[in-house]
Structure formats: C-alpha cells, structure tokens
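Asks: Submitted below is the structure of interest, expressed as structure tokens.
Every number in this text was worked out from the coordinates using simple rules, so none of it is lab data. Treat the numbers as computed from the prediction; the structure is a model and nothing was measured. With ideal geometry, Cβ positions are generated from the backbone for all residues, glycine too; neighbour counts draw on all protein chains shown.
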Amino acid sequence: MCLFCPAPSVAPSSPWSARRAFLLAAGAAAATPVMAQVDVGSASSLRKLVPAETLEQSAAQQYRQMLEQARAKRALAPDNHPQLQRLHAIAKRLIPYATPWNDRARQWRWEVNLIGSSQINAFCMPGGKIAFYTGILDQLKLTDDETAMVMGHEMAHALREHARERIAKTQGTNLALRLGSQLLGLGDLGQAAAGLGGQLLTLQFSRSDESEADLVGLELAARAGYQPSAAVSLWQKMGNASGSKQGGLAFLSTHPSGPARIRELELNVPKVQGLYEAARRNG
Ligand SMILES: [Zn+2]
C-alpha cells in the first residue's frame, strides 16, 4: 500500500545516484521505455527473485478480500457513483500508456474501486488493482488533473514492481537468515510471495521508489493529456493537509511531501510539457 505515501524519514541525499550505484552493482537489466522523458533508470533486477505471477495472484486475492470487507461495511462505492465514474474515466485515459513501462501490464486486468473512508489514501496493487479512498478526493478537493497524478503515481508503483522488489529484499533477507548459508532457491521466494497478500497492504516503499513513482506517474498523466503542473499543486495540497492535521496521524507522521519532492516535480514538469501539449492537440 502506498499510504500516499509513507517513506523512511531519512532520505538519501540523491536517490537517483544511490539507485544507479546499486543497480550497477547488481548488474540490473530491465530497461525504461526508449521514449521516456523522465529519467528513472532501470527497475531493480532483484525483483526477479519473486515470481511476478504469484505476487499478482496474491494481490488479486487480497484486493477481493478488501472489497468484500468494504462491501460488508457498506463502504464500497457502487458503479454509478459519480466519483467512481470519474476515476474510471481517468484510468481509461492513463492505462494505454502503461505497457511501455512493463510488458506484463498487457495481461493485467486493471480495476478501479472507491472506498468510503476519511483517510487520505490511494494505492495500486501488483497486477493493476487500484483503490481510492473518498478522503483523498474530498478532503484535498482534487481536480481531474490532480487525481490523474495520484493515479499515475500509484500505477507507476505497480508498473515498476516496487512491491515485488521490496518483498525480494525483505523476504530474501529473512529467508537467507533462516536458511543460513544455503543457496536461496526460487521456490522459497515463490512460496513467500504466495503468502504475502496481507503484507501488500502495509508495505512501505523507499524514498527512491516514491521519487520514481512521482516521475513515471507524471509522464503517464502528461501522455494522457493531464496538465503536468497539477503534480506540483497536488503535493502542495498534500503539504497543506499535513499542516492542517487532516488525514490522520499515520499520514502526518509518514507523509514525505515537502520542498524536495515538490522541487523535483517542478524540475520535471518541463520535460513532459510537450507530451501534454501533443496529447491535447491530438485528443
Ligand atoms: Zn507512492
């Protein structure tokens, strides 16, 4: 879960250079799309230790359970809910630009649901299972452009397989400890991934995952014809919400909105402005 978006309070001085150094060391492979305007480097090859299919199945199961629980509490928005229809319309515009970032997305069954909750939150689980809480739309009074930035950010976490990477790192460490010096087999991590549904809802991403999701999401939204500057106004609203103590303590204590995040987005807006203008011309 993104928890829009928790991250360790200590951020590396430069998430990009740290990530690159790590990737070079790991001999990473997965490429960014050749046409990408934002610079996020390659996805971590460590994620390949966890079978994507198993993780996606586990996520789908967890998503279903979460929807059932929301339905039981009468907190699941019906199909004709205007805010849900708005989310569906935005997703429809964003999804066509997803596959260049991850070929697996061709076979994903994307879903978008809206849950009645005052929490400021949204997430996209592995395999394209998206949920928004009414709190984020209502309390921040998000425009369509800003909502598209949130959705793009969450989709980017799934497309860049941040959950898979994080699980590979944490479970890999746990299993390695448990197994001592035995060589870690794929079967072990496959088994771990199968039982991870619950963990997907409490997973915390790193600051560099968050930066990556910001930039990939920005580009997805721009290609879909959403105003890039909305990424900046979104995070300004997030910052204001933190200041006015909206959204609950968990959000306040973990929310990484701040000048550095906004500055990075401001620097990247010009890179995707042309994509946005082309999309508006053609759309
Ligand atoms: Zn995030």
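Asks: Taking the Cβ of I136 as the center, what net charge do the other residues with Cβ under 11 Å away carry, scoring Lys and Arg +1 and Asp and Glu -1? Working shown, then result.
Replies: On the way: positive: K141, K237; negative: D138, E146, E154.
Its environment carries a net charge of -1.
Asks: Turning to a different aspect of this structure: Hey, rough spin-label estimate for K73 and R86, points 7 angstrom out along Cα→Cβ, what's it come to in nanometres?
Replies: Here the answer is 2.2 nm between the modelled labels.
Asks: What is the distance, in nm, between label points placed 7 Å from the Cα along the Cα-to-Cβ direction at N282 and at Q65?
Replies: The two pseudo-label positions are separated by 4.2 nm.
Asks: Given the pairs K92/K141; K237/K271; K48/K92; K92/K169; K73/K169; K48/K237, which are separated by over 31 angstrom at their Cα positions? Intermediate results must be reported in sequence, preceding the final value.
Replies: Values: K92/K141 21 Å; K237/K271 23 Å; K48/K92 29 Å; K92/K169 33 Å; K73/K169 35 Å; K48/K237 36 Å.
The answer is K92/K169; K73/K169; K48/K237.
Asks: Could you compute the net charge surrounding L67? Neighbours are other residues with a C-beta less than 12 Å from the C-beta of L67; K and R count +1, D and E count -1. Numbers along the way, then the final one.
Replies: Numbers: positive: R64, R71, K73, K129; negative: E68, E111.
Its environment carries a net charge of +2.
Asks: Right, another one. What ranking do 37-44, 72-79 get when scored by the average of other Cβ atoms within 10 Å per residue, highest first?
Replies: Details: 37-44: 18.6, 72-79: 11.9.
With the highest mean Cβ count within 10 Å placed first, the list reads 37-44, 72-79.
Asks: With a 10 Å radius around each residue's Cβ, average the other Cβ atoms per peptide and rank 259-271, 150-162, highest first.
Replies: Details: 259-271: 16.0, 150-162: 26.8.
In descending order of packing, they fall as 150-162, 259-271.
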